[in-house]
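Notes for the one structure printed next.
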Amino acid sequence: MRFKPFLTNLPSNTSIKHKTSSFSLTQTPPFFMAQTVTQSANLSNNIASEEDDNLCANPIKNLGLKNEKDGILEVGSPRLSPNPSGESRIERAWAHWKKLGEPKLIVAPMVDNSELPFRLLCRKYGATAAYTPMLHSRIFTESEKYRLEEFTTCKEDRPLFVQFCANDPDTLLEAAQRVAPYCDYVDINLGCPQRIARRGNYGAFLMNNLPLVKSLVEKLAMNLDTPVSCKIRVFPDLQDTLDYAKMVEDAGCSLLAVHGRTRDEKDGKKIRANWNAIRAVKNALRIPVLANGNVRHMDDVQSCLEETGADGVLSAESLLENPALFAGFCSSEWVSSSSDRNDGKIDQATLLEEYLKLCEEYPVPWRMIRAHVHKMLGEWFRIHPHVREDFNAQTKITFEYLYNMINRLRDLGVEKPLYRKETSLDKTS
């Protein structure tokens with residue numbers, strides 16, 4: 001399947017046609033820039049060299065916009081009017097969610113890791129919705145280079161949540177208005193627990209300033225046609241969590257994703273998410289609620305939906321290692337019966353090759369590709385660390401090098417197949 005990307009920083013005379021769900025570019029679009037802005041690089045844990053931060057392919061041929069006719073692309077499903085006659089805000093929230101097909105298997109937002117090629121790969125293998133990486137609202141409003149590199153999408157990339165971190169309502173609104181025509185929710189990041197969020201006063205550290213959280217949600221809810229969603233973490237005290245969630249709902253949030261860990265519980269592999277807290281939030285709210293945490297394979301998906309009553313689940317780290325998770329594939333450590341099978345002969349190397357092909361079609365900064373290579377081939381590198389060391393030593397990588405590295409690992413006899421597991425949820429889907 002071939003997808004066409006479209007630009008997100010439209011020229012001033014771009015016309016938006018909401019009724020026909022399309023837009024036209026009436027002048028030659030600006031091309032993707034050659035390297036990311038410094039602020040963007042600082043949001044990543046991977047510190048890449050300036051040369052290595054270059055986009056991974058020639059972006060000009062990938063734009064696919066050779067003339068005005070080629071520039072007409074479908075935007076996606078039309079959004080509901082903000083005030084349809086006879087419908088309450090809660091009814092509108094549910095109507096929108098149902099119109100999207102009530103997606104249950106969702107790619108979580110990940111800084112530098114849930115970019116367009118990775119989202120498309122996960123969608124191919126069962127994901128029914130996806131978040132963009134966290135975007136910094138202030139930098140997004142100020143830097144064209146940041147916008148062009150950090151937010152790309154295409155008409156097949158739906159349903160889509162575009163996530164921003166912010167601490168200023170006006171700046172957040174300006175950023176949100178730029179992406180609203182191209183997504184199904186504008187999401188506010190209220191859950192990032194990292195040090196950079198503490199320094200920048202956003203994410204989970206806004207839990208210290210609930211009036212500001214309320215003003216961020218209200219600002220978008222009152223000024224956007226596109227619904228507002230939020231992603232939060234829980235407080236140590238359940239009642240505090242419920243009061244927080246209700247406040248966000250009352251401020252205008254149409255969908256809430258709940259990460260079942262506190263701000264201080266950062267290690268997802270060591271600390272189990274609190275599904276009971278998520279269930280309590282689901283029971284207390286009237287809008288759709290998504291669950292985040294402890295989803296490593298499809299058995300976990302089924303258990304999470306049953307135990308929390310949530311309307312969908314998010315997965316992050318597990319998808320980075322296995323983008324085919326939502327298609328029912330899992331590594332050998334989760335295989336428990338003879339009925340599990342490797343009928344598709346899929347492994348992480350196969351998935352990495354598919355990801356690289358998508359990156360050739362849709363350029364992304366090399367730092368993102370490096371991160372995905374380490375995640376998908378982590379087990380392979382542990383068997384042959386000298387291959388990893390050689391990869392890390394490369395100051396500039398190419399697609400040819402990466403394809404050859406995969407073949408090299410295979411020639412060394414690495415076998416890490418993914419096994420297909422069928423669950424009742426899978427059969428229903």
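None of the figures in this text is laboratory data; all of them are computed from the coordinates on show. The structure presented is a predicted model; accordingly, all values stated were derived computationally and were not measured. Positions of Cβ are backbone-derived with ideal geometry, glycine not excepted, and every protein chain shown enters the neighbour counts.
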What net charge do the residues around Asp311 carry, taking every other residue with its C-beta under 11 Å from that of Asp311, with Lys and Arg at +1 and Asp and Glu at -1? +2
For the range 81-333, which semi-axes, largest first and in whole Å, follow from the square roots of 5 times the eigenvalues of its Cα gyration tensor? 24, 21, 19
List Lys214, Lys270, Lys104 from most exposed to least, where exposure is judged by having the fewest other Cβ atoms within 10 Å. Lys270, Lys214, Lys104
Where does the charge balance sit around Cys230 when Lys and Arg score +1, Asp and Glu -1, over other residues with C-beta under 14 Å from its C-beta? +1
So for each of 353-366, 109-122 I average, over its residues, the number of other beta carbons within 10 Å; can you give me the resulting order with the highest mean first? 109-122, 353-366
Quick one: what are the phi-derived ³J(HN,Hα) couplings along the range 116-125, Karplus 6.51/-1.76/1.60 with θ = phi - 60°, whole Hz, x for glycine and proline? 3, x, 5, 4, 5, 5, 5, 5, 4, 9
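For the cross-link pairs Lys231/Lys375; Lys98/Lys282; Lys345/Lys416; Lys98/Lys214, which exceed 19 Å when the distance is taken from alpha carbon to alpha carbon?
Values: Lys231/Lys375 24 Å; Lys98/Lys282 17 Å; Lys345/Lys416 10 Å; Lys98/Lys214 26 Å.
Result: Lys231/Lys375; Lys98/Lys214 exceed 19 Å.
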Inverse mean reciprocal Cα-Cα distance (Kirkwood Rh) of the range 234-385, Å: 17.5 Å
Residues whose modelled amide H sits under 5 Å from the amide H of Asp187, counting only those 5 or more places away in sequence or on another chain, are Val162, Gln163, Phe164, Ser229
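Counting other beta carbons within 10 Å of each residue's own, what order do Thr171, Thr152, Thr398 fall into, fewest first?
On the way: Thr171 20, Thr152 24, Thr398 12.
Ranked by crowding around the Cβ, least crowded first: Thr398, Thr171, Thr152.
Which order results if Glu306, Glu400 are arranged by neighbouring Cβ count within 10 Å, fewest first? Show your work: numbers first, answer last.
Values: Glu306 11, Glu400 8.
In order of increasing Cβ crowding within 10 Å: Glu400, Glu306.
Using +1 on the beta carbon of Lys and Arg, -1 on that of Asp and Glu, and nothing else charged, what's the dipole of the range 81-333 about the Cα centre, debye to 20?
On the way: 32 positive and 34 negative charges, 21 e Å.
In debye, rounded to 20, the range 81-333 gives about 100.
By the scheme Lys and Arg +1, Asp and Glu -1, what is the net charge of all other residues having a beta-carbon under 9 Å from that of Ala129?
Around Ala129, the charge tally is +2.
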